[in-house]
1. Setting aside same-chain residues fewer than 8 positions from Lys145, which lysines have a Cα under 22 Å from its Cα?
2. What's the FRET efficiency of Asp321 with Glu83 using the Cβ-Cβ distance as r and R₀ = 41 Å, to the nearest 0.05?
3. Give the residue from Leu261, Pro358, Ser212 lying farthest towards the positive end of the charge dipole for segment 180-389; charges sit on Cβ (+1 for Lys and Arg, -1 for Asp and Glu) and the dipole is referred to the Cα centre.
4. By the scheme Lys and Arg +1, Asp and Glu -1, what is the net charge of all other residues having a beta-carbon under 12 Å from that of Met105?
5. Any idea how far the Cα center of segment 50-83 sits from the one of segment 211-263, in Å?
6. Would you mind telling me the share, in percent, of accessible area of the chain contributed by carbon and sulfur at probe 1.4 angstrom?
7. What residue among Ile305, Ile137, Ile376 has the largest mean-square fluctuation in a Gaussian network model of the chain, using Cα springs under 10 Å?
8. Which lysines, if any, have their Cα less than 26 Å from the Cα of Lys219, not counting same-chain residues under 8 positions apart?
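The values are calculated or read from the model by the stated rules, or taken from the named source; none is laboratory data. This one's a predicted model, so the numbers in the text were calculated from it and none came from an experiment. Cβ placement follows ideal geometry from the backbone for every residue including glycine, while neighbour counts extend to all protein chains displayed. Accessible surface areas use protein heavy atoms only, side chains included; no ligands, DNA or RNA. Shrake-Rupley method; radii C 1.70, N 1.55, O 1.52, S 1.80 Å.
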Amino acid sequence: MVKYTEIMIRYGELSTKGKNRKDFIAKLASNVNRVLSDFPMVEIHPKHDRMHIVLNDAPFEEINNRLKKVFGIQTYSPVIKTEKTLEAIEKTSLELMEAIYQTGMTFKVNTKRADHKFEYDTNQLNSMVGDHIFDHIPDIKAEMKHPDLVLRIEVRQDAVYISNQLLHGAGGMPVGTAGKAVMMLSGGIDSPVASYLALKRGVEIEMVHFFSPPYTTEKALAKAKELTGILANYAGKINFIAVPFAEIQETIKEKLPEGYLMTVQRRFMLRLADIIRKKRGGLAIFNGESVGQVASQTLESMTAINDVTTTPVLRPVVTMDKTEIIALAEKIGTFDLSIEPFEDCCTIFAPPRPKTKPKLDKAREYEARLDVEGLIERALAGIQITQIRANQKFLDVSSSEDTDLL
């Protein structure tokens, strides 16, 4: 089994950031350090064109499982750091090829030379290392255009780095480089996918989840928290903000026409999310709305609901159809949990015939019948915040929680 000495990370999109590049790389290094914090032997060295993770005997497979969920990494390779001699390069190259070669596979050698004073140029190294591999793996064949295996050799100032793998990272931008926002998280399929996409663009998010006991169960709340735990794989820890919503829903149902129950409920949700955003230092509100998917997501409904705030409301899945959203939910690991049948407050109080084209003036008129400020104040008083770690479990498992009031 090959014992890699380092992992070499390539930044991808960060290369376009000009004068801000240094800050973006520093944030990425901080995020990598956080996800690898339980491997104290690992050393992280962020440089201008590469980041080096020195393993110091840390298990590559476990490190790999963490790194592939860190946004801001385009590609990365496990490497062996080697002395700058032809003998050492050939020895390490053969070791790496023998570790992954299977009968019938083709290969090529791809050399990059940052140290132009090195005695061999790229073509010479490609040829000599290729010949050495041919001598020791007789049935292997070369293929320049579409090889099964690529042996990558990088000759740098300090050493030679050799790899037999090119792994693809999560792409995007490091979480935290695009500011902070709140995400309106339900227990469904769409909002976890929207959360993932917000994180991928570098937004640090805090989850705002509305729950309505006794109409919704503890399992519904636990499900939303566990979804947050899955998403925390991509962000480190995420704050989960639970907002009691039963009194508001009961009052709306008692006093307003059925057709506008959903519209006014959503206006209250958006008001609360905006107040929480401001208290928490966020710049925007994200949600999982997709145009036309349900009654509250028509353009007319969005207009009537968005009326309560001037804060940007961003919808990462707004133009995606359900099939596309489900495919991404399956990829990131939230789908199976999202379809668990624990109803949230949106489904419990959903009217049978909601207005799909609500009038803004009517929504305002009906809402004026309510004690809006009192209802908002009492909901805010009952908020609880839980810091959720990656893969933390809440369904059928007792989990320790760090919970605070807003």
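1. Output for Lys145: Lys108, Lys112.
2. Working: r = 55 Å, r/R0 = 1.34.
The pair Asp321/Glu83 has a calculated efficiency of 0.15.
3. So the residue we want is Pro358.
4. Values: positive: Lys108, Lys141; negative: Glu98, Asp139, Glu143, Asp148.
In short, -2.
5. 39
6. Values: 9430 of 19150 Å².
Carbon and sulfur atoms account for 49 percent of the accessible area of the chain.
7. Comparing Ile305, Ile137, Ile376 in a Gaussian network model of the chain, the most mobile one is Ile137.
8. Straight-line reach from Lys219, under 26 Å: Lys237, Lys253, Lys322, Lys331, Lys393.
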